[in-house]
Amino acid sequence: MQARRDTELSALQNEILEAVAKGIPFASVANTLCERAEALAPGANCTITAIDSEGLIHPVAGPSLPVSYGEAIDGVPIGPEVGSCGTSAFFGTPVEVTDIATDPRWSNFKSVALPLGLKACWSSPIKSPDGRVVGTFAFYYRECRGPSDLERQLVDTCVHLCSIAMERDEVNRRMHHLAYHDQLTGLYNRYAFDERIARKMAAPPQSFGLLLLDIDNMKLVNDTMGHSVGDSMICEVGRRLAAVGETISVYRLGGDEFAVICPACNQKEALSGLAERLLRQMDHPFECDGNSIMLQITIGGVLSNMDGTSADALRQNADLALYHAKQTARGDYIHFEPGLRTSIQCRTEQIALLDKALDEDRVFAHFQPVICIRRARIVGVEALARIRAEDGRIISAGAFAQGLTDSKNAFRLTSRMLDQIASSMRAWMDEGLELRHVAVNLSTVDFQRGNLEQRLRAPFEAYGVPLQHLQIEVTENVLMDQDVANQVARLRECGMQVALDDFGTGFASLSHLKDFPLDYIKVDKSFVDNLLTDIACGAIVESLIDVAKKMQIGIIAEGIESAEQAARLLEIGCPLGQGFYYFRPVDGDTIAELLRASDCTTAKRPALTRALRHSA
Ligand code: C2E
Ligand code: CA
Ligand code: CA
């Protein structure tokens, strides 16, 4: 009898250990174990539960009890009087209840067991190798009784097997977690991302949105505040992304790069809405080690049903969108478009063109006169960058504007232009030619790298030109930054004039005029273009002139191309203008010629003006 028993137990043991070794999921192993145990102990109904780290019970197997029984105990906390299983887990010792109906430990739970005909329950704790209770193994009887000796022997074996299977399961789960999660942030990792995208693309009918994003200025934080602050910043960004509170999955792909998959976004608008909400998550500063860090991310996005037919193509296009956004719209979102590939190529070419021209000293300044409209007299000039191409052609700034989106280029260009501007101004002054100002266009990077005041002063001092003659032009988008506005205010205190360039193309807000002290507003060409045809446009320019006058800010209309436009501008009170109608940008010697002519008899002027109006 005992020999047969031993054989049965060892067969059971072998079957279960083999299943564990094969990596069969624990729930399935537990189910088999219950079935085999029930076969060896007729009249017993077997259940296995797991106890989680918070001490809550979760049913794992109970093949001969109804599902509702498991549901009734799921999530119940263990305790000194929580049936047989909850109590056994609580004390870490077996609990034999021979009469569920009367035992106080079952008083809160008997209503679940008795209707099923379960009258007695004997539960044993399953422990991990380090002694933690990780589950319970129970026999239910349909009569009031305790276990037999044979059943005790059987349960000893089963509990031991469960302990091995559960430990293995935990190791598997931990390994799975390690394989699919990022250690630093706890988010899913690149491996999980690759697998998920591949799986989703293989089941095409469900389209989804994919966002790739990247933290701006991560390198700067690492370099200036150290890697531990950098790591905290990555974690915080991860937390804020996940906290957007929608059905999205967030992945950290490595470094400061994240991905977000959104199954609910299958339209461009929905995806850009999500991107907008993610951007807004970064709005408040992050306090870390006594530093207050502004978080900023840039996002590129694609839709699986229109922006790529394979996982690789989709991913590449999302990368392109992100790359493009990083270059042209930091801190913002860009959706992929097929044209991006060419526009990225075009940008790369223009960057290389300007970089090479700067290296080879082929960049120089042309100057476009700014005119007093009423008197048709030159009052100032705006310096505009030009490249002399290797074949001698002159390339206008508009044709290499993308080259200026590279901050190194933009910085070098400003230095080059300032030197030429100061030197030309010196030459005009030496001839006694009168010019109120010469304007230089500045870029964001000029304000970011620091030392701007010194960079502006140095060439002017070297050529002995007073700073009062220098006007700096900044666009609204650049000026919006409070730090830039503060720097601008200081530059004005040094005597320079400040003009707000391209007014009307950015935020076009009159309220900026009171926040940021200015000397001039340059009304963008697009307004001048529509002045005669679009009533609303005329009205805007008119009221702008009105407001500016009251605030003692000068107005310069850009891009005047016809006598009619000039006449209309004069009529609505615009004092200054520039445009091809008067002069195209020309070299410094030609400016000198023009100024000389404007000093001589008026009779000579129109002829010269006509000649130059159509020059390159
Ligand atoms: P911007 O500052 O708005 O300069 C005016 C641009 O409009 C110039 O083009 C000028 O040639 C052009 N323009 C002037 N009047 C007319 C007109 O009546 N009709 C038309 N169609 N165009 C007119 P450009 O020189 O190609 O410069 C383009 C842009 O490149 C400038 O726009 C400015 O944003 C940038 N840029 C030029 N030089 C520099 C520079 O030295 N530094 C920086 N940071 N940017 C520069
Ligand atoms: Ca300008
Ligand atoms: Ca402009």
Could you run through region 536-566 and say how many residues are more than 21 Å from residue 498 (Cβ to Cβ) and surrounded by 14 or more Cβ atoms within 10 Å (Cβ to Cβ)? 9
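Hey, among 415, 407, which residue is over 23 Å from residue 592 (Cβ atoms), at pLDDT below 95 and either away from ligand 2 (no atom under 16 Å from the Cβ) or among the basic types (Lys, Arg) (or both)? Working first, answer last.
Numbers: 415 fails: at pLDDT below 95.
Residue meeting the stated conditions: 407.
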Give 453, 434, 473 a once-over and let me know the one that is touching a Leu at 6+ places or on another chain (Cβ under 8 Å) and within 14 Å of ligand 3 (Cβ to nearest atom). 473
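Residue by residue through region 489-505, note down the ones that are under 32 Å from the mean Cα position of the chain (by Cα) and farther than 21 Å from residue 405 by Cα. Give the derivation first.
Here is the first cut: in region 489-505, the ones under 32 Å from the mean Cα position of the chain (by Cα) are 489, 500-505.
489, the sole residue that qualifies.
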Residues of region 497-518 being under 27 Å from residue 457 (Cα atoms) and within 16 Å of ligand 1 (Cβ to nearest atom), which ones? 497, 498, 499, 500, 501, 502, 503, 518
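Determine which member of the set 545, 556, 521 is within 15 Å of ligand 3 (Cβ to nearest atom), closer than 17 Å to residue 374 by Cα and either in contact with a strand residue (DSSP E or B) (Cβ under 9 Å, 6 or more places away or on another chain) or among the basic types (Lys, Arg) (or both).
On the way: 545 fails: within 15 Å of ligand 3 (Cβ to nearest atom); 521 fails: closer than 17 Å to residue 374 by Cα.
Testing whether each residue is within 15 Å of ligand 3 (Cβ to nearest atom), closer than 17 Å to residue 374 by Cα and either in contact with a strand residue (DSSP E or B) (Cβ under 9 Å, 6 or more places away or on another chain) or among the basic types (Lys, Arg) (or both) leaves just 556.
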When region 322-346 is checked residue by residue, the ones that are in contact with an Asp or Glu (Cβ under 8 Å, 6 or more places away or on another chain) and among the charged types (D, E, K, R) are 326, 330
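Results for (1) closer than 27 Å to residue 28 by Cβ; (2) in a loop (DSSP other than H, G, I, E, B), shown as yes or no for each residue.
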{"site": "48", "(1), (2)": "yes, no"}
{"site": "54", "(1), (2)": "yes, yes"}
{"site": "75", "(1), (2)": "yes, yes"}
{"site": "86", "(1), (2)": "yes, no"}
{"site": "89", "(1), (2)": "yes, no"}
{"site": "101", "(1), (2)": "no, yes"}
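Quick check on region 535-570: of everything there that is without any contact (Cβ under 8 Å) to a residue 12 or more places away in the chain and touching a Leu at 6+ places or on another chain (Cβ under 9 Å), which residue is nearest to ligand 2 (Cβ to nearest atom)? Lay out the reasoning, then the answer.
Within region 535-570, the first condition is being without any contact (Cβ under 8 Å) to a residue 12 or more places away in the chain, and the residues that meet it are 535-537, 539, 543, 550, 552, 567.
Going one step further and asking which of them are touching a Leu at 6+ places or on another chain (Cβ under 9 Å), we end up with 537, 543.
On the way: 537: 20, 543: 23 Å.
Applying the filter and picking the extreme gives 537.
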Go through region 169-210 and give me each residue that's over 29 Å from residue 50 (Cβ atoms), out of contact with any Cys (no Cβ under 7 Å at 6 or more places or on another chain) and not in a helix (DSSP H, G or I). 203, 204, 205, 206, 207, 210
Cβ pairs under 6 Å, 6+ apart or interchain, first in region 59-88 and farther than 19 Å from residue 34 by Cα, second of a type in the set (Phe, Trp, Tyr), ordered by first then second residue, are 78/90; 79/90; 80/90; 83/106; 83/109
Is it the case that some residue within region 359-370 is assigned to a strand (DSSP E or B), crowded, with 20+ Cβ neighbours inside 10 Å, away from ligand 2 (no atom under 15 Å from the Cβ) and of a type in the set (A, V, I, L, M, F, W, C)? yes
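Which of the helices (runs of 4 or more DSSP H) contained wholly in region 489-560 include at least 2 residues that are at pLDDT below 95 and closer than 30 Å to residue 454 by Cβ? Explain how you work it out, then say what you get.
Values: elements: 511-515, 525-530, 535-550.
Helices (runs of 4 or more DSSP H) meeting the threshold: 511-515.
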Conditions (1) surrounded by fewer than 17 Cβ atoms within 10 Å (Cβ to Cβ); (2) among the acidic types (Asp, Glu); (3) within 16 Å of ligand 1 (Cβ to nearest atom) -> residue 524 fails only (1)
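Considering every residue within region 510-517, establish whether at least one is out of contact with any Lys or Arg (no Cβ under 8 Å at 6 or more places or on another chain), charged (D, E, K, R) and within 12 Å of ligand 3 (Cβ to nearest atom). Write out each step before concluding.
So in region 510-517, the residues out of contact with any Lys or Arg (no Cβ under 8 Å at 6 or more places or on another chain) come out as 510-516.
Now drop any that are not charged (D, E, K, R), which leaves 514-515.
Remaining after also requiring within 12 Å of ligand 3 (Cβ to nearest atom): none.
Looking through region 510-517, none of the residues is out of contact with any Lys or Arg (no Cβ under 8 Å at 6 or more places or on another chain), charged (D, E, K, R) and within 12 Å of ligand 3 (Cβ to nearest atom).
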Which members of region 288-308 meet the condition of being of a type outside the set (A, V, I, L, M), more than 20 Å from residue 214 (Cβ to Cβ) and surrounded by fewer than 22 Cβ atoms within 10 Å (Cβ to Cβ)? 289, 290, 291, 292, 305
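The values are calculated or read from the model by the stated rules, or taken from the named source; none is laboratory data. Treat the numbers as computed from the prediction; the structure is a model and nothing was measured. Here Cβ is always computed from backbone atoms with ideal geometry, including for glycine, and neighbour counts include all displayed protein chains.
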